[in-house]
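Here's the structure we're looking at; comments come further down.
The values are calculated or read from the model by the stated rules, or taken from the named source; none is laboratory data. Predicted model only: the values in this text are computed from it and were never measured. Backbone-built Cβ (ideal geometry, glycine too); neighbour counts: all protein chains shown. Heavy atoms of the whole protein, side chains included, go into the accessibility calculation; ligands, DNA and RNA do not. Shrake-Rupley method; radii C 1.70, N 1.55, O 1.52, S 1.80 Å.
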Amino acid sequence: IVSRLHNGEYGVLRAASIYYQKGILNNGSHAIDMMRWFFGEPVETSFAGAAFDDEKDPGLDFALTFENGAKAVFTNIQGCDYHLFEIDLILDKSRVSIKQRGQYIQEYSVTPEPYYKTFNIITETGPLMESAWKYCMKGAIDELVMAVMGYGKVSCNMMDGFRANEICLNIIDEYRRS
């Protein structure tokens with residue numbers, strides 16, 4: 001997905017919806033890091049509300065705005081009998097949905113509306129694709145070993161983690177002041 005986002009194959013981000021559980025530091029930080037990986041540094045953060053208050057790691061609703069003006073809206077979900085972490089990317093040429101904690105990816109493409117020819121709609125491009133999510137721990141360890149041996153680099157370094165947490169702490173500060 002990342003290479004296709006970066007080379008413009010999917011188009012320009014117009015909006016994103018992110019649903020996450022647990023606190024902003026626990027799971028929200030991972031979604032922030034992914035959005036930064038996909039679209040670069042946000043130019044603005046804005047706190048929108050609190051789903052639950054935990055002194056150390058609150059569940060917060062917030063938004064990140066990127067350089068082109070697109071917003072990524074993060075919604076904290078509580079009270080479900082299942083775990084939810086999903087990202088829906090709305091781009092000008094397509095739509096990409098990352099489902100079940102990244103286990104599955106659904107791509108959509110622009111097609112003519114079959115009954116009203118004056119506009120286009122998006123339809124599923126193909127079947128729901130299974131990612132390599134179940135091998136993520138092995139992949140991370142392999143990547144670290146290769147980097148230590150001098151044969152590559154890590155996808156996410158310490159500064160990426162630091163920056164994602166810095167954004168989280170800024171949003172928590174904004175929440176505490178509200």
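Taken about its Cα centre, the chain carries a charge dipole of roughly 320 debye when the Cβ of each Lys and Arg holds +1 and the Cβ of each Asp and Glu holds -1.
Solvent-accessible area of the chain (1.4 angstrom probe, protein heavy atoms only): carbon and sulfur portion equals 56 percent. Within the chain, antiparallel bridges make up roughly 85 percent of the DSSP beta bridges whose residues both belong there. Among the listed values (i) 17.9; (ii) 12.7; (iii) 9.6, the one matching mean projected area of the Cα convex hull in nm² as calculated from this structure is (ii). Among 162, 116, 45, pick out the residue whose Cα is farthest towards the positive end of the charge dipole of the chain, where Lys and Arg carry +1 and Asp and Glu carry -1 on C-beta, about the Cα centre. Checking the options against the dipole of the chain, the answer is 116. Compared with the rule-of-thumb size 2.2 N^0.38 Å for a compact globular protein, the range 108-164 has a Cα radius of gyration ratio of 1.97. DSSP finds beta bridges in the range 1-78, and of those with both partners inside it, around 65 percent are antiparallel.
Keeping every protein chain present and rolling a 1.4 Å probe, give me the accessible area per residue for the chain in Å². Don't skip to the end; give the middle numbers.
Working: 10650 Å² over 178 residues.
Normalised by residue count, the accessible surface of the chain is 60 Å².
For the range 60-76, backbone phi angles converted through the Karplus equation (6.51, -1.76, 1.60; θ = phi - 60°) give residue-by-residue couplings of 10, 9, 7, 9, 10, 10, 9, 3, 7, x, 5, 10, 10, 9, 9, 10, 8 Hz, Gly and Pro being listed as x.
For residue 117, the solvent-accessible surface computed with a 1.4 Å probe is close to 150 Å², ligands and nucleic acids excluded.
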